[in-house]
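> Okay, here's the structure, questions in a sec.
The values are calculated or read from the model by the stated rules, or taken from the named source; none is laboratory data. Note that the structure is a prediction, hence the values are computed from the model and not measured. Every residue, glycine as well, gets a Cβ built from its backbone with ideal geometry; the counts of neighbours run over all protein chains shown. With ligands, DNA and RNA removed, areas are computed over all heavy atoms of the protein, side chains included. Shrake-Rupley method; radii C 1.70, N 1.55, O 1.52, S 1.80 Å.
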Amino acid sequence: MGNKHIPRQKTRDLSPSYQSRCPQTTTYQGRWYHPYKYPNHIIFYLPDIDMKTTKILYRISTILLALFILPGIFFINSPMAIEWIRHLCLPEWFRREASIGTFIWGLIIILPVRPRLKERAYVALGITYISALIAHLRVDGVIFMSFTPVVTFAILLVSYITYHKIHDSK
């Protein structure tokens, strides 16, 4: 009857005294949850889909991320990359640092590594794409090309949510 996303042994009803001391608790399916103890179950809720579909979504989104991220290391010194860095008014060394860092974090997302390191890779890439959106909006204003990092960030978010849904069920 219960939700498959929330393990039975971790859920419990919180007393009213705890609710008064900790006002940031929230209800979810008739139970009280503290958002810092169970953040993935409240914020990143996906509808009830079977595990096979979740794994397919995870693999497709991660492969798309790999296709976006990994080839970028080969174009660090291309004239187009140099022109874009100058256009965004960023220092020359930032082009190499961002490309190498993005490549390393992209490899970590694809390879089977410890979950804590994979979590850091998702955060680093998320910060990178949000920063890219801010830089494009600051320089170019609101045009279509300014929102290309949002597409990659959305794919990153799908990969992150499905990754946690797969690994929380184990």
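> What number of residues within segment 64-84 are under 19 Å from Leu125 (Cβ atoms) and open to solvent by less than 100 Å² (accessible area, probe 1.4 Å)? Lay out the reasoning, then the answer.
In the first step, residues of segment 64-84 are kept if they are under 19 Å from Leu125 (Cβ atoms); the result is 64-76, 81, 84.
Narrowing further to those that are open to solvent by less than 100 Å² (accessible area, probe 1.4 Å): 64-66, 69-73, 76, 81, 84.
Of the residues in segment 64-84, 11 are under 19 Å from Leu125 (Cβ atoms) and open to solvent by less than 100 Å² (accessible area, probe 1.4 Å).
> Now for a different question. So how many residues does segment 110-119 have that are open to solvent by less than 90 Å² (accessible area, probe 1.4 Å) and without any contact (Cβ under 8 Å) to a residue 12 or more places away in the chain?
Adding up the residues that qualify gives 4.
> Check whether at least one residue in segment 120-136 is on the phi < 0 side of the Ramachandran plot, surrounded by 14 or more Cβ atoms within 10 Å (Cβ to Cβ) and of a type in the set (Val, Ile, Thr), and report yes or no.
Within segment 120-136, one or more residues are on the phi < 0 side of the Ramachandran plot, surrounded by 14 or more Cβ atoms within 10 Å (Cβ to Cβ) and of a type in the set (Val, Ile, Thr).
> May I pose another question? Give all pairs with beta carbons closer than 7 Å in which a residue from segment 44-59 that is in a helix (DSSP H, G or I) meets a residue that is modelled with pLDDT of 80 or more and of a type in the set (A, V, I, L, M); count only pairs at least 6 apart in sequence or on separate chains.
As it stands, the answer is Thr54/Ile166; Lys55/Ile166; Leu57/Val158; Tyr58/Ile166, since those pairs meet every condition given.
> A follow-up question, please. Could you please tell me which pairs satisfy a Cβ distance under 6 Å, a separation of 6+ or placement on different chains, a first residue in segment 139-168 that is open to solvent by less than 30 Å² (accessible area, probe 1.4 Å), and a second residue that is charged (D, E, K, R) and at pLDDT below 85?
So the pair list comes out as Ser146/Asp140.
> Which of the residues spanning segment 127-170 are basic (Lys, Arg) and touching a Ser or Thr at 6+ places or on another chain (Cβ under 8 Å)?
Kept after step one, since they are basic (Lys, Arg), are these residues of segment 127-170: 138, 165, 170.
Correct list: Lys165 only.
> Need the failing condition index for Leu65 against (1) without any contact (Cβ under 8 Å) to a residue 60 or more places away in the chain; (2) part of a helix (DSSP H, G or I), just the number.
Leu65 satisfies all of (1) without any contact (Cβ under 8 Å) to a residue 60 or more places away in the chain; (2) part of a helix (DSSP H, G or I) except (1).
> Which residue is farthest from Ser159 (Cα to Cα), if the candidates are limited to segment 87-113 and must be assigned to a loop (DSSP other than H, G, I, E, B) and among the hydrophobic types (A, V, I, L, M, F, W, C)?
Residues of segment 87-113 assigned to a loop (DSSP other than H, G, I, E, B): 88-91, 111-113.
If we keep only those that are among the hydrophobic types (A, V, I, L, M, F, W, C) as well, we get 88-90, 111, 113.
Values: Leu88: 28, Cys89: 31, Leu90: 29, Leu111: 14, Val113: 15 Å.
Ranking the candidates gives Cys89 first.
> Within segment 114-158, take every residue that is more than 11 Å from the chain's Cα centre (by Cα), assigned to a helix (DSSP H, G or I) and over 21 Å from Trp84 (Cβ atoms) and give me the one that is modelled with the lowest pLDDT.
My answer is Pro115.
> Could I ask something else about it? Tally time: how many residues in segment 94-109 are open to solvent by 70 Å² or more (accessible area, probe 1.4 Å) and over 15 Å from Ala132 (Cβ atoms)?
Step one: filter segment 94-109 for residues open to solvent by 70 Å² or more (accessible area, probe 1.4 Å), giving 94, 96-97, 100, 104-105.
Within this subset, residues satisfying the condition of being over 15 Å from Ala132 (Cβ atoms) are 96, 100, 104.
Going through segment 94-109 one residue at a time, the tally reaches 3.
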